[in-house]
């Protein structure tokens, strides 16, 4: 489900590396969905959410610093999307996941899928040409 494809590349090595890591974390969540068992996975879910939150913050800060350094005109819009995505992860962490683990995991997988489709494949692709131009100058 969360398999990296070359078409996702923004041709900025470090950002692609970070996006691949986000895919890896998303894959861990998808694996929990595939288990379809009755075991308590609360600790695993919370650990993955914390990993996702921490790595997301790191990745967003990296992107924003790069955008600022090179004068990317859509930086403010990008920051707003980043804030929304970060708040959404925090919302997941604050939910009562323990009682409804199956539903929470499925909702989390949907969120990450939408994030990949909406943010990485659309919003981030907008800066692909920009970075490839300015970083080679």
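Subtracting the Cα-Cα distance of residue 137 and residue 53 from their residue separation scaled by 0.36 nm leaves 26.9 nm.
Take the Cβ atoms of residue 69 and residue 6, set R0 to 22 Å, and the FRET efficiency comes out at 0.25. Between residue 61 and residue 103, the simple label model (points 7 Å from Cα in the Cβ direction) yields a spacing of 3.5 nm. Using the empirical formula 2.2 N^0.38 Å as the baseline, the Cα radius of gyration of the chain reaches a ratio of 1.12. Distance from the C-alpha centroid of the range 2-25 to that of the range 99-137: 10 Å, rounded to the whole angstrom. One decimal place: the segment residue 91-residue 122 gains 8.8 nm when fully extended, by the rule 0.36 nm per residue minus the C-alpha distance. Among 94, 113, the order by Cβ neighbours within 10 angstrom, fewest to most, reads 94, 113.
Since every read-out is calculated from the coordinates, none of them should be taken as a lab result. On a predicted model such as this, the values are computed, not experimentally measured, just so you know. Cβ sites come from the backbone with ideal geometry, for glycine too, and all protein chains shown count toward neighbours.
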